[in-house]
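Trainee: I am attaching a structure below and will ask some questions about it afterwards.
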Amino acid sequence: MITKTRSFKTVLRVGCATFALSCLSFAATGNDLDSVLRQVDEASAKFRTAEASFTWTQYNKVIDDIAETQQGKIYFRRAGDETQMSADIVQPSTKVVIFSDGKIQVYQPRIEQVDIYNAGARREEFESFLVLGFGGSGKDMSKSFDIKYEGSEKIDEVDTAKLDLTPKTEKVRQQFPHIVLWIDPQRGLSMQQKLFQANGDYRLAKYSDIQLNQKISDDKFKLKTNGKTKTLTH
């Protein structure tokens, strides 16, 4: 039961953190949200792949300290009408999370176990967390979130536009009341993201070495298991 719960939490965390690479473009008139979303649509039309190194930091309000820091690489690619995602978590323990064909697979090599979650009727909800902004349009984002422009801020010596997203769905708001993205207007990418949880915890995601529209090996979207690996379907 503990393993299953932790695996599902990993799905949520990866899904949320993927917002941080949302392929957004920022208009010169930054407070003109319609213009921003139109540029998101333009980025969507050009999107093929994305990859980056990441650091995800989880803050726990109860202990008022950092509870966990994860590092690794994340990959996205457009495949037909779907955007696929693969995250290789290397620290503090190895995990691989893949979203494709409406399924989420979480592989934990340490215990040789794969947990599979079929999105089914909730596919749209899962996609909104796992691949939003990677081939998605501004129109789709507006359907799922109320979006506010909150000025400019310097992140790692880069001038960014700060956007606040509030989920429109009550179920999602119960988990994450709002999400803040810091957008690099030069590249149209979010350099940093902060996901606020209802209990006061938050997850801070930072990305580096970002590459767009470069070829990504098919192997990145396939699990490398062996004969000892156990598979559980949920």
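Trainee: Tell me whether region 185-234 comes out rounded, prolate or oblate; compute the Cα gyration tensor, take square roots of the eigenvalues as a ≥ b ≥ c, and use a/c under 1.5 as the rounded threshold.
Mentor: Here region 185-234 falls in the oblate category.
Trainee: Under 12 Å from the Cβ of Lys220, count the other residues' Cβ atoms, weight Lys and Arg +1, Asp and Glu -1, and hand me the total.
Mentor: +1
Trainee: Next up: Where does each of 159-171, 58-70, 95-107 land if you order them by average Cβ count within 10 Å, highest first?
Mentor: Highest to lowest by the protection proxy: 95-107, 159-171, 58-70.
Trainee: Please report the spacing between the Cα centers of region 34-68 and region 145-221 in Å, no decimals.
Mentor: Here the two parts' Cα centres lie 3 Å apart.
The numbers here are math on the coordinates, done by the rules we state, and not lab data. Given the structure is predicted, the values throughout are model-derived calculations rather than measurements. Methodologically, a virtual Cβ is constructed for each residue, glycine included, from the backbone with ideal geometry; neighbour enumeration extends over all protein chains shown.
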